[in-house]
Amino acid sequence: MNTKVENITYLRDKEAVINLTRELVRIPSVYRENTLDGNETKVALYVAQYLKNLGIETHVEEVVPGRPNVIGIIDSGKPGKTLLFEGHTDVVTEGNRDAWEYDPFGAEIVDGRMYGRGTNDTKGNLACMITAMNSLLLDKEEFKGKIILCIPCDEEGMMLGIKHFIKQGWADGVDGAIICEPEENNVCIAQRGAMRILVDIYGKMAHGAISWSGINPNWRMARLIVELEKLEKEEQARLGEDPYLKWPSITPTILRSPVKGDAQINVIPDHCMMTLDIRTVPDQDHDELLNKINKIITRLKEADPDFKVDLTILDNRPSTLTGKDDPVVKAVYDAVHSITGEDPIYNGVPGATDGTFLHMHGIPIVTIGAGDREIPHQVNEYVDIEELAVTTAIFREAALRFLNNEEE
């Protein structure tokens with residue numbers, strides 16, 4: 001990405017954001033249950049101390065044991081709007097370390113790229129938002145209102161951190177939020193929704209050679225999967241391709257049979273389970289979609305009295321869409337144009353983010369940040385260090401434009 005602005009501030013902030021990203025990546029924050037230090041504590045405490053050293057009002061709140069949120073407050077002392085930046089501290093597992101060309105927690109810089117888990121998603125962007133806000137303080141920039149730095153745990157899981165943040169009242173009165181995720185600095189105004197469903201189908205255990213003496217849940221699960229695939233195609237045909245989010249989807253992910261005990265080739269299991277990862281677009285109503293799934297199950301039950309199934313909704317997050325004329329979108333769009341000299345690209349986030357819950361709380365959101373959109377969760381995850389500098393400048397400019405109502 002070309003950059004119009006390369007001045008002393010830009011170069012100073014570039015050095016700072018690279019250094020901070022390296023420090024954050026070198027502190028592993030993969031959540032590993034029942035593993036000592038297998039959580040976000042160390043990186044959260046590092047961030048908290050870093051903010052305090054910058055003179056930023058800082059709060060640390062434990063969400064669940066060993067998993068804290070960090071909140072930073074920068075109050076201008078002048079009446080005005082409140083802008084929130086959000087960037088999470090957790091990262092997904094590195095997987096097989098032998099598959100990595102670089103140390104997943106080494107933050108090595110090679111040919112202009114920093115490699116490591118979280119460089120892209122999203123410790124690099126967390127570093128950008130912190131560096132950008134410190135840049136305002138260092139340069140004694142005038143602005144009105146207040147900035148909140150929301151740095152939650154568990155974004156990669158059930159998003160416990162952002163839920164706790166909202167429950168504690170931190171999101172009350174926020175006028176706009178910038179969600180800092182790897183989006184190649186596209187201005188993402190939409191997000192796909194998500195429903196996660198656990199499906200349990202029950203049968204009767206029996207000898208595989210005497211199948212009539214049992215009830216095989218696998219046949220029932222197979223019928224349901226076929227019907228769900230038909231439903232996915234019907235929804236795609238009905239809705240068409242979303243301009244920002246592409247296609248709605250219904251995806252079976254985990255299949256397990258039997259659910260407990262050892263599987264054996266000549267034994268019919270008594271229980272089969274499946275998880276569904278359903279992704280929706282703004283024109284889909286989750287209640288209506290769930291009703292369609294329940295109607296499928298009703299038909300299958302009517303055709304087979306031995307069809308016994310339970311559905312458990314594990315998570316239900318609606319899709320989001322923020323208008324192009326919303327002040328936070330306009331501020332970000334104009335900031336990208338000002339910093340890069342290019343026409344910004346409107347886009348959408350293929351997955352859900354912590355911003356989903358801020359949106360549900362009534363806060364307009366826009367998602368933007370450094371990093372290739374296809375790289376998150378991959379082996380040899382990386383971010384271009386120049387893009388970190390550009391993103392920092394964009395965040396800085398967006399904050400000033402939003403809080404001071406500046407126009408291009």
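The values are calculated or read from the model by the stated rules, or taken from the named source; none is laboratory data. Worth saying up front: this structure is predicted, and the values here are computed from it rather than measured. FYI the Cβ positions are ideal-geometry reconstructions off the backbone, even for glycines, and counts take in every protein chain you see. Just the protein is used for accessible areas: all its heavy atoms, side chains included, with ligands, DNA and RNA removed. Shrake-Rupley method; radii C 1.70, N 1.55, O 1.52, S 1.80 Å.
If you go through the range 190-238 and keep only what is free of Cβ contacts under 8 Å to residues at least 12 places away in the same chain and either crowded, with 19+ Cβ neighbours inside 10 Å or more than 28 Å from the chain's Cα centre (by Cα) (or both), you end up with Ile210, Trp212, Ser213, Trp219, Ala222, Val226, Lys230. Remark: Gly145 falls outside the filter, which requires a residue to be open to solvent by less than 20 Å² (accessible area, probe 1.4 Å), at pLDDT 95 or above, more than 24 Å from Lys330 (Cα to Cα) and in contact with a Lys or Arg (Cβ under 8 Å, 6 or more places away or on another chain). What do you reckon, is Ala370 closer than 22 Å to Ser76 by Cβ, under 22 Å from the mean Cα position of the chain (by Cα) and small (Gly, Ala, Ser)? No, not satisfied.
Note on the range 23-112: enclosed strands (runs of 3 or more DSSP E) holding 3 or more residues that are open to solvent by 30 Å² or more (accessible area, probe 1.4 Å) and of a type outside the set (Phe, Trp, Tyr) are 57-64, 108-110. Here Gly118 does not fit the description of being of a type outside the set (Ser, Thr, Tyr), at pLDDT 95 or above and surrounded by fewer than 24 Cβ atoms within 10 Å (Cβ to Cβ). Reported count of residues in the range 18-46, each being in contact with a Gly (Cβ under 6 Å, 6 or more places away or on another chain) and more than 18 Å from Met129 (Cα to Cα), is 3. Taking the range 260-279, which residues are farther than 12 Å from Leu198 by Cβ and either touching a Lys or Arg at 6+ places or on another chain (Cβ under 6 Å) or open to solvent by 40 Å² or more (accessible area, probe 1.4 Å) (or both)? Lys260, Gly261, Asp262, Ala263, Gln264, Ile265, Asn266, Val267, Asp270, Arg279 - these are the residues of the range 260-279 that are farther than 12 Å from Leu198 by Cβ and either touching a Lys or Arg at 6+ places or on another chain (Cβ under 6 Å) or open to solvent by 40 Å² or more (accessible area, probe 1.4 Å) (or both).
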